[in-house]
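So the structure is just underneath, and the comments pick up after that.
The values are calculated or read from the model by the stated rules, or taken from the named source; none is laboratory data. On a predicted model such as this, the values are computed, not experimentally measured, just so you know. So basically every Cβ, Gly included, is an ideal-geometry build from the backbone, and we count neighbours across all protein chains shown. Ligands, DNA and RNA are stripped out before the accessible areas are found, and what is left, the full protein with its side chains, is counted by its heavy atoms. Shrake-Rupley method; radii C 1.70, N 1.55, O 1.52, S 1.80 Å.
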Amino acid sequence: MNPRLSRRRFIKAVIASSAAAATNAGVHAAMAQNRPQGTVERLISLNVNGKTRRVDVMPQETLAYTLRYKLGLTGTKIGCNRGECGACTVIIDGVTNYSCSTLTHSVGSRQLQTIEGVAGADGTLHPVQQAFIQELAPQCGFCTPGQVMSAVALLNENPHPSREEVRQALSGNLCRCGAYDNYLNGVMRAAENG
Ligand code: FES
Ligand code: FES
């Protein structure tokens, strides 16, 4: 092969790849400049169970997704994923929320409690968890974390509820096993024990 020809080909290839790289850089710079105003910062801090957790969150990401798949807090269950079953219930600033219907970016600096943060630091079960065991409330157990969170939020606000008040407080938590009375009995027992 003619060495001059081969050298010319090499230089052409280098110039072509440089041009491509320059074009890519230009595209990325243009995209950054064109990013719409008001887009969210993806790396945020969440206050989860008393700890600050830094996490990269997409703009439309739900809290249930962030908890389970970014923070490894899989105690929060996803059942319907559309605000109907209560399996994903968490407590935000003392109020129960369906985490499948809550955008993570909307949580901000509020205090977030999940099922993992209900027991004591030494592993002592919360009175609601203890009472649910004593009443054999969970059947398959899938709805149980959500039931616990609703019961904990209720007893924080109202330590001695009537049975009807408990029924109301747990009305957003469906149980496909039909163990409703067991859960009601459990909350009443926790209220007595507490
Ligand atoms: S998974 Fe959130 S309400 Fe059903
Ligand atoms: S215990 Fe099975 S869904 Fe409630």
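Not counting ligands, DNA or RNA, and with a 1.4 Å probe, what is M188's accessible surface area in Å² rounded to the nearest 10?
Solvent-accessible area, nearest 10 Å²: 40 Å².
If each of R163 and L136 carries a label point 7 Å out from its Cα toward its Cβ, how far apart are those two points in nm?
Reported label-point gap for R163 and L136 is 1.9 nm.
Of the peptides 175-185, 89-99, how do they stack up when ordered by the mean number of other Cβ atoms within 10 Å, highest first? The partial results should precede the final answer.
Details: 175-185: 17.3, 89-99: 20.5.
Highest mean packing first, the order is 89-99, 175-185.
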